[in-house]
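Written out below as structure tokens is the structure these notes cover.
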């Protein structure tokens, strides 16, 4: 197989609307932000069998925004980021979106299994399914295997989807384009900070200071 074909196979695993891989769900327990969770994931969904290191780092580093408003988990997968933040910040409503139908079904199950009620889980290709909702924070472990164009669309569209004073939090590996993403966010937001470096993963935060809607 060529690298392009291999890459296409990897993309199908978690960025396709309906994964064709055989379903073999796995359930495990995980402690995040001081809470015990039970998660189920499956083939065709990013990170089966454990919460991936990047998502876990983002979950633990995230800080509640200073402004009021909901939080968006863009590309939620089976839901560990959105569910754990909804648990930690129970007064906030958390939107969780993805294109992957299997991932969305698992996110619904995981929210129910952890008794998380302050969430809305819905199909959306990044922001296309969201009708004008504005967010105090957007969090994402971007789908890097979907390509740079998709990741940069997430970064660009996040600016318009944030409330004034809202923040975008992303996690990326250095080798998968974290420096490039920071540069892009500098262009879009005016400035982006690296809040944490951990084993090659960068937590990058950009704040929207523009008062325009």
Residue ID - surrounded by the most Cβ atoms within 10 Å (Cβ to Cβ), chosen from residues in the stretch 120-165 that are more than 14 Å from the chain's Cα centre (by Cα) and in a loop (DSSP other than H, G, I, E, B): 130
Residue 117 touching a residue at least 24 places away in the same chain (Cβ under 8 Å) and outside any strand (DSSP E or B): no
Qualifying residue in the stretch 173-191 (condition: in contact with a strand residue (DSSP E or B) (Cβ under 6 Å, 6 or more places away or on another chain), within 25 Å of residue 39 (Cα to Cα) and in contact (Cβ under 8 Å) with a residue 24 or more places away in the chain): yes
Candidates 181, 206, filtered to the one that is surrounded by 19 or more Cβ atoms within 10 Å (Cβ to Cβ) and not in a strand (DSSP E or B): 181
Of the criteria (1) buried (at least 21 other Cβ atoms within 10 Å of the Cβ); (2) under 21 Å from residue 123 (Cβ atoms), which one residue 59 fails: (2)
Failed condition for residue 113, given (1) surrounded by fewer than 20 Cβ atoms within 10 Å (Cβ to Cβ); (2) more than 25 Å from residue 204 (Cβ to Cβ); (3) within 16 Å of the chain's Cα centre (by Cα); (4) at pLDDT 95 or above: (3)
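The values are calculated or read from the model by the stated rules, or taken from the named source; none is laboratory data. Since the model is a prediction, treat every value here as computed from it, not as a measurement. In this analysis, Cβ positions are derived from the backbone assuming ideal geometry, glycine residues included, and neighbour counts consider all displayed protein chains.
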